[in-house]
Amino acid sequence: MSQSSVVFKGVKRGIKVYIDANSDMEQIMDELERKIKGSKHFFVNSQISLIFTGRRLTPQQQQNIVDLISREIEVGSITFEMANNGLPSVDHFECFDGIEEGMTRFVRGTVRNGQRIYYEGNVVVIGDVNPGGEIIAGGNILVMGTLRGVAHAGATGNHNAVVVAFSLQPTQVRIGGIIARPPEDDDVKPSYPEIAYVKDNVLVIEPYLPGRGK
């Protein structure tokens with residue numbers, strides 16, 4: 001009997017999903033889809049976290065998995081804990097050159113007032129961060145929506161981390177120990193993504209232009 005390319009195992013933090021490093025990616029996606037569809041009843045009205053491990057995935061492969069899961073079920077969070085194995089990333093955002101992609105937590109939906117998300121790696125929010133919401137990450141923070149709350153990247157002291165949002169309107173941005181707040185009289189909001197990073201010990205916010213990097 002052939003070895004399964006995707007194995008689910010219940011752990012204290014949620015469900016650990018082991019991805020076989022030797023399996024074809026198409027085979028992995030097909031088997032993952034079958035198992036997710038076959039277990040839909042298990043995820044009804046639950047906020048279970050999925051932790052993927054066992055194989056290094058590019059950011060695009062991670063996003064494909066997030067898209068697949070989001071179409072089928074609702075979960076509390078999706079985390080990728082992948083070994084580097086000395087291999088370079090095949091597909092990445094150039095602005096994320098300060099920290100290897102490594103561990104990434106995907107938060108699906110809006111981070112609401114009073115909600116606090118902490119993760120030692122990178123945090124990707126597929127939604128908005130409302131005023132009163134807070135994201136704290138040891139790595140980078142990417143908000144695929146509007147950031148109106150607090151974002152603290154590089155919380156463990158890494159000033160190479162960045163904060164990127166499709167619409168950057170935070171109450172506070174912090175990278176490492178450096179803090180910036182938007183001007184109180186800034187009524188005109190940019191219609192393009194922006195990136196916040198540290199340059200010469202100053203937190204800089206500027207348009208994020210794909211391919212340009214920091």
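The values are calculated or read from the model by the stated rules, or taken from the named source; none is laboratory data. In this text the structure is predicted, and so the values were computed from the model without any measurement. Neighbour counts run over all protein chains shown; Cβ positions are idealised from the backbone, glycine included. To get the accessible areas, we keep the full protein, side chains included, count just its heavy atoms, and leave off ligands, DNA and RNA. Shrake-Rupley method; radii C 1.70, N 1.55, O 1.52, S 1.80 Å.
Annotations for the structure displayed:
- Residue within segment 126-134 that is touching a Lys or Arg at 6+ places or on another chain (Cβ under 8 Å), assigned to a strand (DSSP E or B) and surrounded by 21 or more Cβ atoms within 10 Å (Cβ to Cβ) present: yes
- A count restricted to segment 1-38 and to residues that are over 22 Å from THR58 (Cα atoms) and of a type in the set (Val, Ile, Thr) stands at 1.
- One residue stands out in segment 103-125 among those that are open to solvent by less than 40 Å² (accessible area, probe 1.4 Å) and among the β-branched types (Val, Ile, Thr): the one that is nearest to ILE69 (Cα to Cα), namely VAL107.
- Sole exception among (1) within 22 Å of the chain's Cα centre (by Cα); (2) farther than 22 Å from GLU120 by Cβ; (3) at pLDDT below 75 for MET82, by number: (2)
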